[in-house]
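**Q** First, the structure itself, so that you have it in front of you.
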Amino acid sequence: MRILITGGAGFIGSHLCDRYLAEGHEVIAMDNLRTGSTDNIAHLAGHERFHFIKHDVTDYIYVTGPLDMVLHLASLPSPVDYLNYPIQTLKVGAMGTHKALGLALYKKAKFLLASTSEVYGDPLIHPQDEDYWGNVNPVGPRGVYDESKRFAEALTMAYHRYHNVDTRIVRIFNTYGPRMRADDGRVVPNFICQALRGESLTVYDDGSRTRSFCYVSDLVEGIVRLMESDAVDPINLGNPQEMSILEFARVVLAVTGCTSEITFVRPQDERTRDDPQVRCPDIGRAQSQLGWEPVIPLEEGLKHTAEYFRHKLGLL
Ligand code: UDP
């Protein structure tokens, strides 16, 4: 197959490039490099089946030749990014998805939307299954991400219903692994880098909010299976092992063997406004329709991730 991956130089996108190349396909990674990095695809330079196009998907997308699949992962990935680039976040979710869908229609390619657990907002149903419509504040600081992804899901279904595009929607829950940005502000890189540098781990507020963390190879396996399935309705992919952020801080210290302190911080900016109090995927649909569930234990995934950051931060 010939596959376009938008956001292909990003964290998850670059792992998908690796996976599809390993399966013998031709991969075109497209990225504007705002949050993606050529470091993530440097090992693919010169690969005969890999191509990179620097392009912002909110502008018209032009790709020569046939395409069998368009995987649309381009997005601003972290809450700190949405705060710093709110308009770009809305544009890539809305206009970028429109351009990517238009391309898939023109090329008669199968389309994947990388959606998010953020469509559930601060959920009133727990764990979250795909039939839950969510609890999103449209005018809060996270609304730029949440609403653009909700719009993107609606647009994807409209292209499916009106234009018969063969579409898939994956709702990605917190995912971690090598190639996350050390400074993206999310809890996994923050805690690991703080631990490795001997700094205090910054637990926001009282650390009682919950998340569940999925290792990137598990997510990639789920996405590949989703593309092979005929599941048009959204599917959650994530790890249902839920824990509080305070517990997570302790796991990071145990895995890295670091002796940093844990400090409770009350951010003065808007980064924790509308922060979901709980989050955990119901993965029943992925289990029954894709035969998928995560297999990498948290400790193992965190070890690999810490190893990556040790190199990245020059601490080896
Ligand atoms: N968080 C924290 N300390 C940090 C970064 C994040 O306590 O240094 C908290 C954040 O408030 C949220 C959770 O960790 O409750 C997960 O945040 P993240 O930014 O990773 O992603 P989210 O799941 O909110 O999209």
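**Q** Looking at (1) surrounded by 16 or more Cβ atoms within 10 Å (Cβ to Cβ); (2) of a type in the set (Ser, Thr, Tyr); (3) part of a helix (DSSP H, G or I), which is the one condition that is false for THR58?
**A** With (1) surrounded by 16 or more Cβ atoms within 10 Å (Cβ to Cβ); (2) of a type in the set (Ser, Thr, Tyr); (3) part of a helix (DSSP H, G or I) applied to THR58, the lone miss is (3).
**Q** Hey, can you tell me all the residues within the stretch 13-32 that are under 21 Å from PHE173 (Cα atoms) and crowded, with 24+ Cβ neighbours inside 10 Å?
**A** Once the filter is applied, which keeps residues that are under 21 Å from PHE173 (Cα atoms) and crowded, with 24+ Cβ neighbours inside 10 Å, the stretch 13-32 yields GLY13, SER14, LEU16, CYS17.
**Q** Right, next: Restricting the stretch 223-239 to residues that are of a type in the set (A, V, I, L, M) and open to solvent by less than 10 Å² (accessible area, probe 1.4 Å), which is farthest from the chain's Cα centre (by Cα)? Don't jump to the end; show me each part of the working.
**A** First pass over the stretch 223-239, keeping only residues of a type in the set (A, V, I, L, M): 223-224, 226-227, 231-232, 235, 237.
Keeping just the survivors that are open to solvent by less than 10 Å² (accessible area, probe 1.4 Å) gives 223-224, 226-227, 231, 235, 237.
Numbers: ILE223: 11, VAL224: 15, LEU226: 15, MET227: 16, ALA231: 20, ILE235: 14, LEU237: 10 Å.
Looking at the filtered set, the residue picked out is ALA231.
**Q** On to the next question. Six or more apart or on different chains, Cβ under 8 Å: which pairs go from a residue in the stretch 221-235 that's among the hydroxyl-bearing types (Ser, Thr, Tyr) to one that's open to solvent by 50 Å² or more (accessible area, probe 1.4 Å)? Could you list them?
**A** Partner pairs satisfying both residue conditions: SER229/GLN289.
**Q** Out of the residues in the stretch 245-271 meeting the condition of being closer than 21 Å to CYS214 by Cβ and within 9 Å of the ligand (Cβ to nearest atom), tell me which one is surrounded by the fewest Cβ atoms within 10 Å (Cβ to Cβ).
**A** LEU246
**Q** Go through the stretch 61-83 and give me each residue that's small (Gly, Ala, Ser) and open to solvent by 60 Å² or more (accessible area, probe 1.4 Å). Break it down stepwise before answering.
**A** Pass one, the stretch 61-83, residues small (Gly, Ala, Ser): 65, 74-75, 78.
The answer is none; no residue qualifies.
**Q** Kindly indicate the residue of the stretch 116-130 that is farther than 19 Å from THR175 by Cβ and within 15 Å of the ligand (Cβ to nearest atom) and also least open to solvent (accessible area, probe 1.4 Å) among those meeting that condition.
**A** Among those residues, the one meeting the criterion is ASP122.
**Q** Sticking with this one: Residue check: is LEU103 in a strand (DSSP E or B), in contact with a strand residue (DSSP E or B) (Cβ under 7 Å, 6 or more places away or on another chain), in contact (Cβ under 8 Å) with a residue 60 or more places away in the chain and not hydroxyl-bearing (Ser, Thr, Tyr)?
**A** no
**Q** Oh, and also: Which of the residues that make up the stretch 272-288 are part of a loop (DSSP other than H, G, I, E, B) and over 16 Å from THR210 (Cα atoms)?
**A** Within the stretch 272-288, ILE283 is the sole residue that qualifies.
**Q** Tell me which residues, restricted to the stretch 172-196, are more than 10 Å from the ligand (Cβ to nearest atom), open to solvent by less than 20 Å² (accessible area, probe 1.4 Å) and either touching a Pro at 6+ places or on another chain (Cβ under 7 Å) or assigned to a loop (DSSP other than H, G, I, E, B) (or both).
**A** Correct list: GLY177 only.
**Q** Still on this structure: Please specify each residue of the stretch 302-313 satisfying the condition of being open to solvent by 60 Å² or more (accessible area, probe 1.4 Å) and either outside any helix (DSSP H, G or I) or acidic (Asp, Glu) (or both).
**A** Result: GLU307, single match.
**Q** Quick one: GLU299 ticks every box in (1) over 14 Å from VAL188 (Cα atoms); (2) loosely packed, with under 13 Cβ neighbours inside 10 Å except a single one, so which number is it?
**A** (1)
**Q** Do you know which residues across the stretch 197-222 are over 15 Å from SER244 (Cα atoms) and either open to solvent by 20 Å² or more (accessible area, probe 1.4 Å) or within 10 Å of the ligand (Cβ to nearest atom) (or both)?
**A** ARG197, GLY198, GLU199, SER200, TYR215, SER217, GLU221
**Q** In the stretch 272-296, how many residues are open to solvent by less than 50 Å² (accessible area, probe 1.4 Å) and either within 16 Å of the ligand (Cβ to nearest atom) or among the β-branched types (Val, Ile, Thr) (or both)?
**A** Selection size over the stretch 272-296: 9.
**Q** Taking the stretch 10-55, which residues are β-branched (Val, Ile, Thr) and in a strand (DSSP E or B)?
**A** VAL27, ILE28, ILE53
**Q** Report, by residue number, each residue of the stretch 84-115 that is within 20 Å of PHE173 (Cα to Cα) and open to solvent by 60 Å² or more (accessible area, probe 1.4 Å).
**A** LEU90
**Q** Of (1) within 30 Å of ARG168 (Cα to Cα); (2) modelled with pLDDT of 95 or more; (3) outside any strand (DSSP E or B), ALA254 satisfies all except one. Which?
**A** Only one criterion in (1) within 30 Å of ARG168 (Cα to Cα); (2) modelled with pLDDT of 95 or more; (3) outside any strand (DSSP E or B) is unmet by ALA254, namely (1).
The values are calculated or read from the model by the stated rules, or taken from the named source; none is laboratory data. What you see is a predicted model; the values in this text were computed from it and never measured. Backbone-built Cβ (ideal geometry, glycine too); neighbour counts: all protein chains shown. For the accessible areas, the whole protein counts, side chains as well, though only heavy atoms, and no ligand, DNA or RNA atoms are used. Shrake-Rupley method; radii C 1.70, N 1.55, O 1.52, S 1.80 Å.
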